[in-house]
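S.K.: Shown below is the structure under consideration.
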Amino acid sequence: MKLKSSLLMLCAALSVAACTNPDRFGGGAGGNDAFGNGANGAIAGSASDPSSPAYFQQAVGDRVLFEVDQSTLTAEGRATLDGQAVWLLQNADFTAVIEGHADEQGTREYNLALGARRADAARAYLVTQGVQPGRLQVVSYGKERPIEICSQEACYAKNRRAVTVLAGGLSS
Amino acid sequence: MMNRVLCALGAVCLTALVPALATAQSGPLRIEITEGVIEPLPVAVPDLVAETAGSAEMGAQLARVIAADLTGTGLFRELPSSAFISQVTDFGAPVQYADWKAINAQALVTGAVSVSGNQINVKFRLYDVFSGAELGDGLQFAGTTDGWRRIAHKVADVVYSRITGESGYFDSRVVFVSETGPKDNRRKRLAVMDYDGANVQYLTGSEDIVLAPRFSKTGDRVLYTSYETGFPRIYVLDVGSVQRRVLENNQGTMSFAPRFAPDGQTVVYSISQGSNTDIHSMNINSGVTQRLTNTPAIETAPSFSPDGARIVFESDRSGSQQLYVMSASGGEATRISFGEGRYGTPVWSPRGDLIAFTKQSKGRFHIGVMRVDGSEERLLTASFLDEGPTWSPNGRVIMFARETQGADGRSTLYSVDITGRNLRPVRTPEGGSDPSWGPLQR
């Protein structure tokens, strides 16, 4: 019985966290994620549809990158977030979870806190651009979810990121 | 007549063998554990004598584990049985000291085992060969056959303790994160094992990220961080029943880096809210919380002093990650790390005299120790990524995780003496990280 109920809880958690969000770790930097697959079906989902998550991810850009041990937004990062804010204001059905990440060059706990700073930097900027704070949540993965695994700066640079992962959409 | 019976956990009982030989004496057989390089002490551990039919294999296995515990410290060197002149076939017969002296054995451990059903009984004696005398009383352990490794560890703990004058650490458990898969798809689950990597038992599944389990002082409970809800949250898990509960689940915050206070009721941990991470404490019975730091900087990785009065933690309030000590009730903190580089994951030693830490300097990671006031810093290891020290119950050995670089990198547990000697991997079925060493079992 206990196992069954915890499995049910797990399924419930997954359906909230992942169903509209197949890329829950912000792993898909490339353009070939089948984003529409897990979505709730009401959205065409093609990247050519400007109101689709795929468009947000690929055309607007879902992530900003950071310097080593920094959580200050770069000019490029602010430009990306400007685009995200415009999109979020036009697509008010969506909420988002902003995931903060660090490269592997740091201790586990510190990197969790650093990822939180990065995610919050992106969140705070989106709020200054008019996005309702209640639509944005943050989570830090620290160094737990790298997308590139070489132990060189080329990879580290892509791992130091804050990724805006959409959820919801035509939910009501 | 001395005939102590120590029974706890129901698993292993200890009695002194009677009659004890001679009077208790410290004897010249002694290893002083110091900073200097030492020559390992030659020890002979013949297979334990089988006193019941079919227990010879068990006698051999027990001897192997006892010897592995002793040699694993780096303080002992085992003499191969092929060198033995005397064979021990009768536990009660007098020891032929000359035969052991001739092969330069300085310590000799003899024992006998009897098995009846699932019950096992082990007797042993420790001899100082060059003095020609027994060192301490013979002892007897009784338990169940599936706990035979614990009995071997208990024998080795007594031998280690009598020869070094320090308490042992072999009959202890370590909770850690067992890992499989590449860095970009790593699966993690909590596991608990004997200190030497045997008897691994998994405590969680690997559906959700789990991080940094921490034993309570008595080893009955584990605190850890899980992403079960989608956000990092702290759970407390009962090791016996594997029942767990979340400590708090506040929207808009993340909590991680928990550790028990010595009282087993207070937990210190970090809460991230917005861009800020501070240290808080909670009484896990009442749920009452208290904020211990209040700066815009990152404050995390708190660890109590063994008397519970102080907390060492890391903060980047100076601009880089450094170590600080404050009262267990919070308030002013004193910085203790001043060397070049960054310092994190401080852990107070069980003796109270040292802080172990992770240091990053010039692109390398180190495990090191310093005194509580920050003096006498010593780095014990160096690699691409060493992290997360934990202390053996006697404060002599540190276990940590070493991750190798590149796409094929994996994480392995290692142990090292606080002298910096005797670096060795801990064999686990999968990769390992975030070890937390529990107490010596009773």
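The values are calculated or read from the model by the stated rules, or taken from the named source; none is laboratory data. Owing to the predicted nature of the structure, the values given are computational and were not obtained by experimental measurement. We place every Cβ from the backbone using ideal geometry, glycine too, and count neighbours over all the protein chains shown. Remember, those area values only see protein heavy atoms, side chains included, never the ligands or the DNA or RNA. Shrake-Rupley method; radii C 1.70, N 1.55, O 1.52, S 1.80 Å.
S.K.: Label B:ASP208 and B:ARG335 with points 7 Å out from Cα along Cα→Cβ: what is the distance between them in nm?
M.R.: 3.8 nm
S.K.: Could you check the spin-label model distance between B:ALA53 and B:ALA102? Points 7 Å from the Cα along Cα→Cβ, value in nm.
M.R.: So the label points at B:ALA53 and B:ALA102 sit 3.5 nm apart.
S.K.: Taking only the alpha carbons of the range B:182-324, what extent do you get along each of the three principal axes, in Å, biggest first?
M.R.: 43, 39, 30
S.K.: Along each principal axis of its Cα atoms, how long is the range A:49-101 end to end? Whole angstroms, biggest number first, please.
M.R.: Taking max minus min along each principal axis of the Cα atoms, the range A:49-101 gives 35, 19, 17 Å.
S.K.: Additional query: Can you compute log10 of I(q)/I(0) for the range B:122-201 with the Debye formula, treating each Cα as one identical point scatterer, at q = 0.16, 0.24 Å⁻¹?
M.R.: For the requested q values the scattering log ratios are -0.72, -1.13.
S.K.: Could you identify which residue out of B:VAL312, B:VAL288, B:VAL158 has the top mean-square fluctuation in a GNM of chain B using Cα springs shorter than 10 Å?
M.R.: B:VAL288
S.K.: Got a sec to turn the phi values of the range B:423-433 into Karplus ³J(HN,Hα) couplings, 6.51 cos²θ - 1.76 cosθ + 1.60 with θ = phi - 60°, whole Hz, x for Gly and Pro?
M.R.: For the range B:423-433, the Karplus-derived couplings read 6, 8, x, 9, 6, 10, x, 10, x, x, 8 Hz, x marking Gly and Pro.
S.K.: Another one. Kirkwood-based Rg over Rh for the range B:111-161 (C-alpha set), two decimals?
M.R.: Checking Rg against Rh, the ratio lands at 1.04.
S.K.: Something else: What's the long-distance tail for the range B:304-384, i.e. % of Cα pairs beyond 16 Å?
M.R.: Details: 1490 of 3240 pairs.
When all Cα pairs of the range B:304-384 are counted, 46 percent exceed 16 Å.
S.K.: Would you mind giving the total buried accessible surface between chains B and A, with a 1.4 Å probe and ligands, DNA and RNA left out, rounded to the nearest 100 Å²? All intermediate terms of the calculation are to be shown ahead of the outcome.
M.R.: Values: alone 18820 and 9210 Å², together 24670 Å².
Its buried surface, counting both partners, is about 3400 Å².
S.K.: Stokes-Einstein diffusion coefficient for chain B at 37 °C in a medium of 0.692 mPa s, Rh from the Kirkwood formula over Cα pairs: what value in µm²/s?
M.R.: Using the Kirkwood radius from Cα pairs, D works out to 141 µm²/s.
S.K.: Given H placed on each backbone N at 1.01 Å, which residues far from B:PHE84 in sequence or on other chains put an amide H within less than 5 Å of it?
M.R.: Residues meeting the amide H criterion: none.
S.K.: For B:ARG77, which sequence-distant residues (separation of 5 or more, or a different chain) have an amide H within less than 5 Å of its own amide H, given hydrogens modelled in the peptide plane?
M.R.: B:LEU41, B:VAL43
S.K.: Report the net charge of residues surrounding A:SER71, where surrounding means a beta-carbon distance below 12 angstrom and charges are Lys +1, Arg +1, Asp -1, Glu -1.
M.R.: Values: positive: A:ARG117, A:ARG118, A:ARG123, A:ARG160, A:ARG161; negative: A:GLU67, A:ASP69, A:ASP120, B:ASP316.
With Lys, Arg at +1 and Asp, Glu at -1, the neighbours total +1.
S.K.: Give me the base-10 log of I(q)/I(0) for the range B:194-258 at each q in 0.20 Å⁻¹, Debye formula, one uniform scatterer per Cα, rounded to two decimals.
M.R.: For the range B:194-258, the Cα-only Debye profile gives -0.81.
S.K.: Would you mind working out the magnitude of the charge dipole of chain B relative to its Cα centre, with +1 at each Lys and Arg C-beta and -1 at each Asp and Glu C-beta, to the nearest 20 Debye?
M.R.: The dipole of chain B has a size of about 400 debye.
S.K.: If Lys and Arg each add +1 and Asp and Glu each add -1, what is the summed charge of the other residues whose beta carbon sits under 14 Å from the beta carbon of B:ALA333? Could you put the intermediate results ahead of the total?
M.R.: On the way: positive: B:ARG291, B:ARG310, B:ARG317, B:ARG335; negative: B:ASP278, B:GLU299, B:GLU314, B:ASP316, B:GLU332, B:ASP373.
Result for the local shell: -2.
S.K.: For q values of 0.09, 0.11, 0.12 Å⁻¹, compute log₁₀ I(q)/I(0) with the Debye formula on a Cα-only model of the protein assembly as shown, without solvent.
M.R.: Per q value, in the given order, log10 I(q)/I(0) is -0.76, -1.03, -1.17.
S.K.: Could you give the nm distance between label points at B:LYS362 and A:GLU153, where each point is 7 Å from its Cα heading toward the beta carbon?
M.R.: 1.9 nm
S.K.: Viscosity 0.890 mPa s, temperature 25 °C: what is the translational diffusion coefficient of the range B:223-285 from Stokes-Einstein with a Kirkwood Rh over Cα pairs, rounded to a whole number of µm²/s?
M.R.: Using the Kirkwood radius from Cα pairs, D works out to 204 µm²/s.
S.K.: Applying the Karplus parametrisation 6.51 cos²θ - 1.76 cosθ + 1.60 with θ = phi - 60° to the phi angles of the range B:416-422, what ³J(HN,Hα) value in whole Hz is obtained for each residue in order, glycine and proline being reported as x?
M.R.: Working through the residues one at a time gives 8, 5, 6, 7, x, 8, 6 Hz.
S.K.: Tell me, what ³J(HN,Hα) does each residue in the range B:100-110 have, in order and in whole Hz, if you take phi through Karplus 6.51 cos²θ - 1.76 cosθ + 1.60 with θ = phi - 60° and put x for Gly and Pro?
M.R.: Result, rounded to whole Hz: 7, 4, 4, 9, 6, 6, 9, 10, 10, 10, 10.
S.K.: Over chain B, what is the mean sequence separation of C-alpha contacts under 8 Å (at least six apart), divided by residue count, expressed as relative contact order in percent? Write down the numbers at each step before the final one.
M.R.: Values: 1121 pairs, mean separation 48.1, N = 442.
Contact order relative to length: 11 percent.
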